[in-house]
Structures are given as C-alpha cells and as structure tokens.
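J.: I'd like to ask you about the structure that follows.
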Amino acid sequence: MSDPVHPSVFQPEAYSAPHPEKKPKELKDPGGEVRIDDYYWLNERDNPAVVAYLEAENRYADSVLLPVADLQESLFAEMKARIKQDDNSVPYLKNGYWYYTRFETGKEYPLYCRKKGSTDAPEEILLDVNQLAEGHPYCLVETMEVSPDNRLLFYMVDFSGRNLFTGQIKDLQNGRLLDDTFTGVLAGGAAWANNNQFLFFETKDPVTLRTDKIWRHHIGSKAAADAMVFEEKDETLYLYLSKSKSEQFIFLNHGYTDNLETHFLDADDPMGTFTVIRPREKGFYYTVEHLGDQFLIRTNWNARNFRLMQAPVTDPSPANWKEVLPHRTDVLLDSIEVFKEYLVVFERKGGLKQVRVIHWADKAEHYLDFGEPTYTAGPDVNAEYDSRVLRYRFSSLKTPGSIFDYDMDTRQKKLRKTNPVLGGFTSEAYETEFVWATARDGVKVPVSLVYKKGLNRDGNAPCFLVGYGSYGFSYDPDFNREVLSLLDRGFVYAIAHIRGGMEMGYGWYDDGKMLNKMHTFTDFIDCAAMLCSAKYTRADRLFASGRSAGGLLMGAVANMAPQQFKGIISGVPFVDVLTTMSDASIPLTTGEYTEWGNPANPAEYAYMKQYSPYDNVKAQGYPNLLVLTSFSDSQVQYFEPAKWVAKLRDLKTDKNPLLFKTNMTGSHGGSSGRFERLRERALEYSWMMGLMGMVPEKVKQ
C-alpha cells in the first residue's frame, strides 16, 4: 500500500457537480415562524426531475470515485471472503422443536428451519427467503410466529423497502399458503391465541406509518372479517403486541419513549377483553412479564434507572405492586429474562453491560465475568420457561459474536458457537481499550477502541470514529468483520458512547435529548479532540460516521467543528429537523415530539433551530463529505439529505469533494441481501482510503 501521507487521489475540480434548480417556498411552521426553503420541491417523489437529479448525483459520485473503483471491488471481495457462506445459527428449543437459521453458498437470504424433538431429526424448511425474493430487488421478512400446535406459520414480507408489510399464513404440514388475507398495512408484532384459531396482529397508518391498531383474525377468514380490538388515537403514541414467555398472556403495549401503558389478555380466551395494568401517565414507563401467579414489572416509577416490582395476576393494579429489585443510581436495569427457578437481569454500569443471575428460592446471586476491557453481552433466544440454562451472546471489538449456554445451577458455561471469520483472522492480532474523554462541561464520556497490535501512538494513524446518541439506543462495541479491512490497513476504530444513549444509565439519555440535545454533538466533538490529543490520530486523518439520527449527529458536527475531521460519512441522515418535525403527515414525526421537541412549542422550536443541520449550513469550509440515502426509505425520507447536499453546494467555501449516493432500491438499512450490503461498506472504506492516498499503485494507474 501507499504511504498514508500521500494526498487524496480524487480530483473533483475535473468534474461538474449537479445542482437542482432553486424554487423558493415559504414554509409556515406550527409556532407561526416563516422560513424560505429553496429546495422543498425535492420531496416530490414522483416528479421525474427529482429522480433525474438523484441519478445525476449518483453519476457524479461514481465519476469522482473512479480512481478507487478497483479498490472498492477489492474490498468487497475481501469482506465477502471472510464470510462462511454455508453457515447455521445455533438451534434453540421451543415447544418440542429445534429452530435455526441457515445460509447456503452464494445466496443472499436465509432459510428458516426446524427439526422435531432432536437436532439429528430430518430438517423441515419453514421459509426460504431466497425463493420469496426472486424477481424483487428488495425483500425483508419479519415477525415469524408459529402457532401453539406447531402447524401454522404466520410471517410478514415487504418488497418495497418502505416497511409496507403484507401477511401470510403457511400450513407447515403441506407447505401451502392459506387463503387468509389481512386488514391494512401490517406492522411488526403478532401473537397467537392458544386455541390456534385466532391471531392478533398490528397495522399502521399507511401515510404516517404509525402503528395504531390491533386486530383479531380468525384463521380461514378474509380481511373483511378481522375485528379491531384496539385503536390508539393519540398521534404521538405507538402500539405493539407481545406474548409472555409462559405463553399464557398476550400483552398490548402503547406509548413511546417516556411513557408506556400495558394491557393483558389470557391467551386461552381470545374473545375476552384486554385489561389495563396501570393507566398511562406522562413520564411513567413500565414493561411486564409473567411468572406463575405474578406479573413482573420493570418500571421507572420513582426509579430513574428502573426497578423491578411484582403484582398478582388476579389484581395487578399499582396498589398491589411490591418491590423485587430496588433502584440503584449507578446501575441501569436494562431488561430481564424470566425462568421458573431463576431471574436473569441485564444491567449497565460504568458504560458496560453486566449479567446478574438470581435464584428465586434463596435470592442467592452472582455476576458473569467477561474478561475484556470493552465488550457487549446480552440474551440470545431463551424460549423455554422451565430451564436452568441461560443462553447468552458475547462479543467485543476483537472477539467475534459467540453464543454460550450457561448452567445457572453449576455456574459452568459452554461455548456453543463463535461466528466464523475466514481468511486467517485471529483476535490476538488486535488490541482493545476503554478510555474516557472529558466533555466541555466536565462530564466523562466513554470511548471504545480497537486497533492492530503494535500501533505507534504518534498521531499518524488514520481513525474511524462512529456514534449515534439518540432514543436511548446504546452503541455497543460489537464485533464487525468489515472493520477488519480498516484495522489491517492501520486504522484505529472508535465508538463514542455519547449522551443520548443509555450506556451510562437513563440519565445519560435524558441529558442528550430535547433541550439537552446539544450535548450529543459536543460530546462527539470532544471525543474526537481527545483521540487527537492522546495521539491516536490527527484531525487531518480522522473520519466520522453515523446513520439516521447518527446522520443528524454528522450534520451537526460538520456545521459546528468542520476543522476536526478529514471526512464525514452521513448515512440516511435526519438533517432537516425543523421541516420534518413541523409536518405531522411525514412517517414517524408525531411520535418524535418527546425525543426532539414539538415545533409548536416556542422554546423547543428555538432549540431545534440551533442545531438542525439543514438550517445551519453556512459559508465556511467543510470536510470531505459522503452522504448516503435510499429512495424508498420510510424512516428518513431521501429528500432530507438531497436538500442538505444542494444547500451545502450553495454555501460551502472549500474544494473538498461532496458526494451524494442514493440507493434506488434499498431501504433505511440499505440493501436487503447479505452480500449487497458489503458493497456499501466497500464504497465508504475505499472513499476514506482514497482521501488518505492509501491506494495501491496499480489501482491509481
């Protein structure tokens, strides 16, 4: 490889970037403020001029990226070669069958399978997604639910990339699809009644895509016979269904980030009515599981980091709630796994996950030890209620994902599988660290790092820093095969665990949302500065990346600290905050009021206006920018990054390449096939390497 000090191989001045026509439009926001948007017309999805502009941007990006086209193909082949193509998941037991997923060589999609009674029994293929995907550029299967008698399979499939799901029921005895049809656009959850004759499912508003209705479907019937059992009319809230691990209760949950209300129905009585456990209240959040004659309730009631309560099934109203696990100010109670004899608690402390095992009978407890400085661990499939074995998954930035069975009686663990990484990989070749950056307000922010052993900390290594920091989602340090292509070329890979996630507890989330959102952006910038001051890298070798709300993060830091980064990758970015949050007809908007704010509230509007990337583009130099989106994305519409890029071209004063690529057939997550996704990573990595001059001479020629 070339020395990394060589200059960029890109020469954008040799090409002419496309630029859409300015068509000023006056927008009146909910609070009454009027803004002028020159590129609002780009949201006209069916306008041929819009499609032509996106295609012109794709051609322009390809022309600029031509010097690394061979490198991109080489990286794709390298990443693909690390995958064991004929791979299987570890089977898990449920209701007498062993379920697993497998892939076949050369195929993009999984096969869902099971074996009756033993893992040595004949294989039964429940669903071959490769067959479903034939003739479709995109295919996503979700919510596979087998009936209690093991005979029927309900599944949902989307071919649009916009999460517009339809449902099917397959008879597993003869392989035929039933003639049943379902009401509306299906959402993500479903639950069978125990008599196998009724299925409860969710639908969403076809415009806003908010999950707003629960239906009961009688097997063998058409959509017209479906009975609506619940409708959530509050446009800021979402519904979802779940079923207790005991299979005894169906839960109807509705709420969003800062409140949740749960109703329950005996799964033996599908014609019954759902009973509320505690009526909804702003700021009151709880989730429910079932154990014997009790409900277990994880709640933030007088417990910012959550505590665990129990209440009798016969009357679970709050007056009967009793504490099982108290609140702790330094530990987040993340989730629980219920067994007949044990309770397993998944917690977060000091930025890391921990697993706590409690014996119901005598309350004896212990923690699992993972032995690495930065890692992630969590539950795998634990379908059997009456089991003494916990199945959990573990990985770190240098340890591939591994599945363990842990005997909670003997405290012995058995490795069931480590995801294979082909091509001579060994974890001993890499080193991980868990370090802390000091934010500008004095708060300590954790950062996870991995790099090839032997790194010389002189500031000369290129670095790839990623982050998210929204919705309480914690960016865990999972293993990523693709990142090896960077590490092996001398990159440092870093995750900034910034405020807005829950790595440090629920307060970490609160301190990075709504009127505290600016902390998310300044934390990331301060983490980047720490990596430079600690000589892991330098600003002219530092790249940053984020997707979706993480793309908002990238847009904000590009405006606020452009000098801190060599290049920024912004994927499916939520960058037009004011316009989107002011339009209740756009999918997902109304439910986001508790995350970003409601523009009808003057204080919240003013705060969003401070950081909204599209509204804060200005005449200044920007780093190299690679912006990625999908035309069919229903979560962040393609026109947000399209408008942002057009405005950047208007105002930025530098000559750094600004590239915009639209996946015309993908979704919010990009392409649906397991190999096609690698092409997107290869594009990103070859772009960074090209900017660093890290391109083989034969490729340059």
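J.: Specify the residue that is modelled with the lowest pLDDT; the eligible residues are those in segment 231-243 that are buried (at least 18 other Cβ atoms within 10 Å of the Cβ) and outside any loop (DSSP other than H, G, I, E, B).
T.: The residue in question is 238.
J.: Could you check how many residues of segment 392-429 are of a type in the set (D, E, K, R), part of a strand (DSSP E or B), within 19 Å of residue 354 (Cα to Cα) and in contact with a Phe, Trp or Tyr (Cβ under 8 Å, 6 or more places away or on another chain)? Quick ask: steps written out before the conclusion?
T.: Filtering segment 392-429 for residues of a type in the set (D, E, K, R) gives 393, 398, 405, 407, 409, 411, 413-414, 416-417, 428.
Adding the requirement that they be part of a strand (DSSP E or B) leaves 393, 405, 407, 413-414, 416-417.
Okay, now just the ones that are also within 19 Å of residue 354 (Cα to Cα), so 393, 405, 407, 413-414.
Then drop every residue that is not in contact with a Phe, Trp or Tyr (Cβ under 8 Å, 6 or more places away or on another chain), which leaves 393, 413-414.
Number satisfying all stated conditions: 3.
J.: Something else: Are there strands (runs of 3 or more DSSP E) fully within segment 127-213 with at least 3 residues that are farther than 30 Å from residue 671 by Cβ? List them.
T.: On the way: elements: 140-146, 152-158, 166-171, 185-192, 198-204.
Qualifying strands (runs of 3 or more DSSP E): 198-204.
J.: Okay, moving on. Of a type in the set (A, V, I, L, M, F, W, C), modelled with pLDDT of 95 or more and either buried (at least 23 other Cβ atoms within 10 Å of the Cβ) or not assigned by TED's automatic domain parsing to the domain that holds residue 675 (or both) - does that describe any residue in segment 448-459?
T.: yes
J.: What about residue 425, is it surrounded by fewer than 19 Cβ atoms within 10 Å (Cβ to Cβ), of a type in the set (A, V, I, L, M, F, W, C) and closer than 29 Å to residue 80 by Cβ?
T.: When the stated conditions are applied, residue 425 passes them.
J.: Counting just the residues of segment 430-478 that are in a loop (DSSP other than H, G, I, E, B) and of a type in the set (A, V, I, L, M, F, W, C), which one comes out nearest to residue 419 (Cα to Cα)? Spell out the reasoning first.
T.: Quick first cut of segment 430-478, residues in a loop (DSSP other than H, G, I, E, B) only: 439-443, 453-462, 467-478.
Narrowing further to those that are of a type in the set (A, V, I, L, M, F, W, C): 439, 443, 455, 461, 473.
Details: 439: 36, 443: 36, 455: 26, 461: 29, 473: 24 Å.
Top of the filtered list is 473.
J.: For residue 193, are the conditions met, namely being surrounded by 21 or more Cβ atoms within 10 Å (Cβ to Cβ), at pLDDT 95 or above and closer than 25 Å to residue 124 by Cα? Break it down into steps so the answer makes sense when it comes.
T.: On the way: surrounded by 21 or more Cβ atoms within 10 Å (Cβ to Cβ): yes; at pLDDT 95 or above: yes; closer than 25 Å to residue 124 by Cα: yes.
Yes.
J.: Please specify each residue of segment 533-553 satisfying the condition of being touching a residue at least 24 places away in the same chain (Cβ under 8 Å) and either of a type in the set (D, E, K, R) or part of a helix (DSSP H, G or I) (or both).
T.: Filtering segment 533-553 for residues touching a residue at least 24 places away in the same chain (Cβ under 8 Å) gives 534-553.
Passing the criteria: 535, 538, 539, 540, 541, 547, 549, 550, 551, 552, 553.
J.: Something else now. Being at positive phi and surrounded by fewer than 16 Cβ atoms within 10 Å (Cβ to Cβ) is the filter here; which residues of segment 149-187 pass it? I'd like the intermediate steps shown before the answer.
T.: Step one: filter segment 149-187 for residues at positive phi, giving 150, 161, 163, 175, 184.
Hit for segment 149-187 is 175, nothing else.
J.: Sticking with this structure for a sec: Among the numbered conditions (1) over 23 Å from residue 52 (Cβ atoms); (2) modelled with pLDDT of 95 or more; (3) aromatic (Phe, Trp, Tyr), tell me where residue 593 comes up short.
T.: Going through the list (1) over 23 Å from residue 52 (Cβ atoms); (2) modelled with pLDDT of 95 or more; (3) aromatic (Phe, Trp, Tyr), residue 593 breaks only (2).
J.: Taking the residues in segment 321-356 that are of a type in the set (Gly, Ala, Ser) and outside any strand (DSSP E or B) as candidates, determine which candidate is surrounded by the fewest Cβ atoms within 10 Å (Cβ to Cβ).
T.: Initially, segment 321-356 is screened for residues of a type in the set (Gly, Ala, Ser), giving 335, 350-351.
From what is left, the residues that are outside any strand (DSSP E or B) are 350-351.
Working: 350: 13, 351: 21.
Top of the filtered list is 350.
J.: Have a look at 479, 464 and point out the one that is in contact (Cβ under 8 Å) with a residue 60 or more places away in the chain and touching a Pro at 6+ places or on another chain (Cβ under 6 Å).
T.: Numbers: 464 fails: touching a Pro at 6+ places or on another chain (Cβ under 6 Å).
Step by step, each of 479, 464 is checked, and only 479 is in contact (Cβ under 8 Å) with a residue 60 or more places away in the chain and touching a Pro at 6+ places or on another chain (Cβ under 6 Å).
J.: Restricting attention to segment 377-388, does a residue exist that is within 30 Å of residue 95 (Cβ to Cβ), of a type in the set (Phe, Trp, Tyr) and not in a strand (DSSP E or B)? So that I can check it myself, show each step before the final result.
T.: So in segment 377-388, the residues within 30 Å of residue 95 (Cβ to Cβ) come out as 377-388.
Still in the running and of a type in the set (Phe, Trp, Tyr): 385.
Now narrow it down to the ones that are not in a strand (DSSP E or B): 385.
Yes; the residues of segment 377-388 include at least one that is within 30 Å of residue 95 (Cβ to Cβ), of a type in the set (Phe, Trp, Tyr) and not in a strand (DSSP E or B).
J.: Something else now. Would you say residue 501 is in contact with a helix residue (DSSP H, G or I) (Cβ under 9 Å, 6 or more places away or on another chain), free of Cβ contacts under 8 Å to residues at least 40 places away in the same chain and of a type in the set (Gly, Ala, Ser)? Reasoning before the result, please.
T.: Details: in contact with a helix residue (DSSP H, G or I) (Cβ under 9 Å, 6 or more places away or on another chain): yes; free of Cβ contacts under 8 Å to residues at least 40 places away in the same chain: yes; of a type in the set (Gly, Ala, Ser): yes.
So residue 501 passes the test.
J.: Given the conditions (1) among the hydroxyl-bearing types (Ser, Thr, Tyr); (2) surrounded by fewer than 18 Cβ atoms within 10 Å (Cβ to Cβ); (3) closer than 26 Å to residue 275 by Cα, which single one is not true for residue 367?
T.: Looking at each condition in turn, residue 367 falls short on (3).
J.: Next question. Out of curiosity, is residue 68 modelled with pLDDT of 95 or more, closer than 30 Å to residue 598 by Cβ and not in a loop (DSSP other than H, G, I, E, B)? Give the derivation first.
T.: Numbers: modelled with pLDDT of 95 or more: yes; closer than 30 Å to residue 598 by Cβ: no; not in a loop (DSSP other than H, G, I, E, B): yes.
Considered against the rule, which asks whether it is modelled with pLDDT of 95 or more, closer than 30 Å to residue 598 by Cβ and not in a loop (DSSP other than H, G, I, E, B), residue 68 comes out as no.
J.: Is there any pair linking a residue in segment 87-98 that is surrounded by fewer than 15 Cβ atoms within 10 Å (Cβ to Cβ) to one that is among the aromatic types (Phe, Trp, Tyr) and assigned to a strand (DSSP E or B), with Cβ under 9 Å and at least six apart or on different chains, and which?
T.: Within 9 Å, the pairs are 88/100.
J.: Still on this model: Going by the structure shown, is residue 367 over 27 Å from the mean Cα position of the chain (by Cα), at pLDDT 95 or above and within 29 Å of residue 497 (Cβ to Cβ)? So that I can check it myself, show each step before the final result.
T.: Details: over 27 Å from the mean Cα position of the chain (by Cα): yes; at pLDDT 95 or above: yes; within 29 Å of residue 497 (Cβ to Cβ): yes.
Yes; evaluated as a whole, the condition is true for this residue.
J.: A further question on this structure: Any chance segment 255-267 includes a residue that's at pLDDT below 95, farther than 16 Å from residue 385 by Cβ and outside any strand (DSSP E or B)?
T.: yes
J.: While we're looking at this one, here's another question. Just wondering, is there one or more residues in segment 221-229 that are touching a Leu at 6+ places or on another chain (Cβ under 7 Å), modelled with pLDDT of 95 or more and either farther than 28 Å from residue 386 by Cβ or not acidic (Asp, Glu) (or both)? Lay out the reasoning, then the answer.
T.: Step one: list which residues in segment 221-229 are touching a Leu at 6+ places or on another chain (Cβ under 7 Å), which gives none.
Checking segment 221-229: not a single residue is touching a Leu at 6+ places or on another chain (Cβ under 7 Å), modelled with pLDDT of 95 or more and either farther than 28 Å from residue 386 by Cβ or not acidic (Asp, Glu) (or both).
J.: Considering 551, 571, which residue is touching a Lys or Arg at 6+ places or on another chain (Cβ under 9 Å), buried (at least 22 other Cβ atoms within 10 Å of the Cβ) and of a type outside the set (Ser, Thr, Tyr)? It would help to see each step written out before you state the result.
T.: Values: 551 fails: touching a Lys or Arg at 6+ places or on another chain (Cβ under 9 Å).
Only one candidate qualifies: 571.
J.: Might you check whether a residue that is within 25 Å of the chain's Cα centre (by Cα) and at positive phi occurs anywhere in segment 285-303?
T.: Within segment 285-303, none of the residues are within 25 Å of the chain's Cα centre (by Cα) and at positive phi.
J.: Here is a further query. State yes or no: is residue 578 surrounded by 24 or more Cβ atoms within 10 Å (Cβ to Cβ) and aliphatic (A, V, I, L, M)?
T.: Numbers: surrounded by 24 or more Cβ atoms within 10 Å (Cβ to Cβ): no; aliphatic (A, V, I, L, M): yes.
For residue 578, the condition - surrounded by 24 or more Cβ atoms within 10 Å (Cβ to Cβ) and aliphatic (A, V, I, L, M) - is not met.
J.: Could you tell me whether any residue of segment 74-86 is polar (S, T, N, Q) and closer than 30 Å to residue 112 by Cα? I'd like the intermediate steps shown before the answer.
T.: At the first step, the residues of segment 74-86 found to be polar (S, T, N, Q) are 74, 85.
Keeping just the survivors that are closer than 30 Å to residue 112 by Cα gives 85.
Checked against the condition, which is being polar (S, T, N, Q) and closer than 30 Å to residue 112 by Cα, segment 74-86 yields at least one hit.
The values are calculated or read from the model by the stated rules, or taken from the named source; none is laboratory data. Please read these numbers as outputs of a predicted model, since none were measured by experiment. Cβ: placed from backbone, ideal geometry, glycine included. Neighbour counts: every protein chain shown.
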